[in-house]
Amino acid sequence: MTTLFTPAEVRTAVELLTSRSLIRLVTEIDDNGAIPPRRLAATLPDLSSHQLRLATETAHAHGLIRVAPGAGLELTESGTELADLYDAAARWGRRHAYPSPVCEFCGRIRHVLTLLAPSLATQRADSLARRSAACLPSAEAEADLVRPRAFLIQWLTDNPQVTAFPYPEPVA
């Protein structure tokens with residue numbers, strides 16, 4: 001078996017990517033376009049000013065967002081791909097009622113990415129089955145998880161900055 005990422009890299013990446021405030025920021029911009037200057041708090045009223053500041057600093061530091069003159073915060077190509085990854089994870093979770101039939105969008109993404117984490121340190125997807133068979137609702141769910149896993153591996157490979165250096169501690 002070939003190692004893709006070290007356990008520390010996987011832990012760092014998953015902690016970053018499962019931050020509720022980062023998920024909210026990235027998916028909001030993806031769904032509704034750039035957030036105008038001074039409208040961030042009104043656009044994401046469920047997040048505190050500290051959470052917003054931390055999410056934007058983290059997203060900037062990792063190249064996920066940029067400030068577009070006259071438009072505000074917008075996603076970079078990497079940020080758009082992350083939003084697609086979040087959508088794929090949420091779709092898989094909804095389709096297979098994981099972790100439960102009713103779950104908040106950010107929570108569903110966190111659970112799916114956390115489920116995938118142990119398999120990221122190995123080349124073979126069958127390690128996922130051995131490590132998480134008790135967690136998956138069915139064999140079909142396991143087979144369907146191969147696509148989000150491949151998408152996550154590709155995104156992490158294309159964005160090594162996410163696993164390469166420390167980042168501010170995410171706020172739940």
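The values are calculated or read from the model by the stated rules, or taken from the named source; none is laboratory data. Because the structure is a prediction, the values reported are computed rather than measured. Every residue, glycine as well, gets a Cβ built from its backbone with ideal geometry; the counts of neighbours run over all protein chains shown.
A Cβ distance below 7 Å, combined with a sequence gap of six or more or placement on separate chains, defines the contacts here; from the stretch 6-34, residues that are outside the structural domain of Ile153 (by TED's automatic domain parsing) reach residues that are among the acidic types (Asp, Glu) in the pairs Ile29/Glu74; Ala34/Glu74.
A quick yes/no check of all residues on (1) touching a helix residue (DSSP H, G or I) at 6+ places or on another chain (Cβ under 7 Å); (2) touching a residue at least 60 places away in the same chain (Cβ under 8 Å); (3) of a type in the set (Ser, Thr, Tyr); (4) part of a helix (DSSP H, G or I):
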position	(1), (2), (3), (4)
Ala42	no, no, no, yes
Leu47	yes, no, no, no
Leu52	yes, no, no, yes
His60	no, no, no, yes
Gly63	yes, yes, no, no
Leu73	yes, no, no, no
Val102	no, no, no, no
Arg110	no, yes, no, yes
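Conditions tested, residue by residue: (1) of a type in the set (Val, Ile, Thr); (2) at pLDDT below 90.
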site: Thr56; (1), (2): yes, no
site: Glu74; (1), (2): no, no
site: Glu104; (1), (2): no, no
site: Gln123; (1), (2): no, yes
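The set of residues from the stretch 67-89 being surrounded by fewer than 16 Cβ atoms within 10 Å (Cβ to Cβ), of a type outside the set (Gly, Ala, Ser) and over 18 Å from the mean Cα position of the chain (by Cα) comprises Val67, Pro69.
Under the condition of being hydroxyl-bearing (Ser, Thr, Tyr) and assigned to a helix (DSSP H, G or I), which residue from the stretch 75-100 is nearest to Ala139 (Cα to Cα)? So, considering only residues that are hydroxyl-bearing (Ser, Thr, Tyr) and assigned to a helix (DSSP H, G or I), the one nearest to Ala139 (Cα to Cα) is Tyr86.
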